[in-house]
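A short worksheet on the structure shown next.
The values are calculated or read from the model by the stated rules, or taken from the named source; none is laboratory data. Owing to the predicted nature of the structure, the values given are computational and were not obtained by experimental measurement. Cβ placement follows ideal geometry from the backbone for every residue including glycine, while neighbour counts extend to all protein chains displayed.
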Amino acid sequence: MMDLSHLRQAIDAELKSLDESIRALKHRRNTLAPISSLPTEAITTIFSFLHIPVTSSAVTCFTLGKQPNPDRQAWLRVAHVCHQWREIALNQPLFWSHVDFTIFSSAGTVEILSRAKTVPLQLEARIPYQLQERVSHVSHLAISAEPFQLRKILSGLASPAPTLKCLSLSSVEYHGRTIVEPVAVLDTLFDGSTPRLSGLELCNCDISWNLLLLRGLKHLDIRTPIERPSLSVWLDALEQMPQLKTLILHSASPIAPPGDSLLPDVYRAVTLPSITLFYISSPARDCGLALAHLVLPALTSLYLIAESCCQDGSDVQELLSYVVPHAHGAQDTQPLQSMCVSRCDMSGEIFVWAFPEIDVELPNEQAFLDTTYSARVAFSVKNRYWSPEVGMATFDAVMEALPLDGLVTLTAQHRIRPLTERFWLRHAPKWPLVRCVRLTQPAERGFRKMVLEDNGGRDSPLLPLLTKLVLVENALFERRTLRLCDIFMKRVEQGVPLEVLDLTTCFATSRSIELLSEIVVDVLRPEKTYEAESRVPTFVFSGFDLEDEWDDNYGYEGGAV
C-alpha cells in the first residue's frame, strides 16, 4: 500500500504544475488583449499619472488640517493586475521615489530605496536615520519629530542638498506637553547649500530671517515660532525674496510697538512683485503693521485672521485702513462679486470672491472649506470679551470698508446670532446688483424683516435685481410659510418679484410648497415633503430651527445694533 504522505506529495506536485500551466496560459491570453499591444513606454506614461508627487503646501488658514492626506501608494494596485504591469512598475525607479518612513518597516524602506536607485527622492519621516547618506539626491523632505529628536536629526544634515526643492520641518509636542524650547534652524543645515530650494514650511521652529536658506523661495510657511523678527530684519529678508509667490505667517510676523497710534508714519515699504497669496494670523495691530509695509501688486488671495485685543474693537477698525488697499487693486480685472458672511457675538468671518454666483454648499462644512480656496479676501476677526453690540459694530465696520458695490451673490450663515434687520437696512442700499441671496436658519429672519420695512416702494426698492432666494435647512411650517408669503407679496407690489425660490435642503409640508408656488414662479422643492407637520421627523424639532417663537422669546431682534 502506497504511503499516504507520498501520495499527498504527488498530488501537491501535480497541483503546482497545473498552477504554473494556468499562469502561463493566463499570461499568453493577456498578451492577446488590445492593451498588451501598447509599448512599455506608453504604459509607463499612463502609470505616471497615477503616481502622486509631493507638492509644497499652500493651504490657507481656513483649511489648515482639514484636508486628508493622499494615499501615495494607491497607484500600486495597477502592479497587481498582471505580470507585465508588475514588471513595468518594478523597473521604473521614479515610481518608488516617495518614501514615508512612518508607514514602512525597515525592510520595506530598504527595498523601496533599492528600487528607486538614484532618482530624486521624496521623503517623509519622524526619525529618519537613513537620511544622511541620501541627502544629495532628496528633492522633497518632510520631517515631524519631538524637539529633542528633531534637533538631533537636523544636526546630522550637514552636507549640501543640491536637489532639495521642498522642505517641511515640524516640532511636535511630547506626550501632550507644551513646546517651550522650539527647534532652531541654523545656517549649518545642509551646509547652507540648497540651490534649488523653493518651498519651506516650519512649524514650532525658529529661524533667522537672515539665512541664505530663505533666498530664492517661492513658498514660505512659518507657524508659531517663539522668536519673532524685528520689522527692519523682516523687511530686509523679504527684499531678498522677489520670487516669493505664497507667504503664510501664523504668529510669525513682527510685533507692533505699543502706543495709541499703530503707524504714525510708514517710513519704508517692500514690494513683493510675485506674491499671489498672503496669509497672516496674529493680533490685529501686528497684522496692520505687516500690511502697512508691504506692496503686493500681484496679490489675488488675502487671508487674514486678526485677534482683537481691545474690548471696543478699535484695533480692528484701525487695521481696516491697511486691509482695504490689498483687498482689491489694479491687478483685479473683476470687482468683488460674491460674499459669504458668518458671525456670532465675539467673532465674524467674511469671504469674498471676484466672480459671481459662487456655489457655497451650506451647511456642508467640507464643501465650504473647499470653496474658500478661491476667495479673493478671507477676513476673520475675534475677541472673546466683546459684547454683542461691539461685535456687531466691528462687523459693520468691516463690511463698510470693503469695496462691495459690485456684489452679485450673498450668503449668510449664522447659527448663533443672525444679522438683524438693521444690518440689512444699513448695507442693502449699497448692493444694487445683488441677484441671489442664500440664507441659513436663522439668518433668514433679519432679511425677512428688512423686506417688510423697506419703504422704497416701486421707485427705489432695496436689492432691485434680486431674483433668487436660497433657504438652507429651514423648517417651513405654517407660521414661517405665511411670513415668507408676506415678503414675497411685498416684492411683487414693489415691482421686483422673486423668480426662483430654492428649498431643496429644507423641511416643508406639501401645503407650504403650494402656498409659496402661488407667488413665486419657480419653487425648487425638497426631495421629500410631508403631508402634515405631525409627520415631520423628530430630529427637525431641535434647537431654534423650527418656528419664529425665537423672535419673541430670545429678545435679540429688537436690540440696539
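Structural remarks
- Condition check for residue 508: in contact with a helix residue (DSSP H, G or I) (Cβ under 7 Å, 6 or more places away or on another chain), small (Gly, Ala, Ser) and either under 23 Å from residue 408 (Cβ atoms) or buried (at least 18 other Cβ atoms within 10 Å of the Cβ) (or both): no
- Selection of segment 420-447 for residues being more than 19 Å from residue 336 (Cα to Cα) and of a type in the set (A, V, I, L, M, F, W, C) yields 423, 425, 439, 443, 447.
- Qualifying residue in segment 276-290 (condition: of a type in the set (Asp, Glu) and touching a Ser or Thr at 6+ places or on another chain (Cβ under 8 Å)): yes
- Exactly one residue among 473, 444 is buried (at least 23 other Cβ atoms within 10 Å of the Cβ), among the acidic types (Asp, Glu), within 27 Å of the chain's Cα centre (by Cα) and farther than 18 Å from residue 351 by Cα, and that residue is 444.
- Lone qualifier among 285, 196 - being of a type in the set (Lys, Arg) and out of contact with any Asp or Glu (no Cβ under 8 Å at 6 or more places or on another chain): 196
- Residue 434 β-branched (Val, Ile, Thr), over 18 Å from residue 325 (Cα atoms) and free of Cβ contacts under 8 Å to residues at least 40 places away in the same chain: yes
Let's see how each residue does on (1) modelled with pLDDT of 90 or more; (2) loosely packed, with under 15 Cβ neighbours inside 10 Å; (3) over 27 Å from residue 199 (Cβ atoms); (4) under 22 Å from the mean Cα position of the chain (by Cα):
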{"residue": "263", "(1), (2), (3), (4)": "no, no, yes, no"}
{"residue": "286", "(1), (2), (3), (4)": "yes, no, no, no"}
{"residue": "306", "(1), (2), (3), (4)": "yes, no, no, yes"}
{"residue": "319", "(1), (2), (3), (4)": "yes, no, yes, no"}
{"residue": "337", "(1), (2), (3), (4)": "yes, no, yes, yes"}
{"residue": "344", "(1), (2), (3), (4)": "no, no, yes, yes"}
{"residue": "347", "(1), (2), (3), (4)": "no, no, yes, yes"}
{"residue": "352", "(1), (2), (3), (4)": "yes, no, yes, yes"}
{"residue": "359", "(1), (2), (3), (4)": "no, yes, yes, yes"}
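- Condition check for residue 255: touching a strand residue (DSSP E or B) at 6+ places or on another chain (Cβ under 9 Å) and under 30 Å from residue 135 (Cβ atoms): no
Residues are listed down the side, and each one gets a yes or a no for (1) over 13 Å from residue 218 (Cα atoms); (2) part of a loop (DSSP other than H, G, I, E, B); (3) aliphatic (A, V, I, L, M):
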position: 244; (1), (2), (3): no, yes, yes
position: 249; (1), (2), (3): yes, no, yes
position: 255; (1), (2), (3): yes, yes, yes
position: 258; (1), (2), (3): yes, yes, no
position: 267; (1), (2), (3): yes, yes, no
position: 273; (1), (2), (3): no, yes, no
position: 281; (1), (2), (3): yes, no, no
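- Residues satisfying the stated conditions in segment 393-442, i.e. charged (D, E, K, R), part of a loop (DSSP other than H, G, I, E, B) and touching a strand residue (DSSP E or B) at 6+ places or on another chain (Cβ under 9 Å): 415, 417, 435
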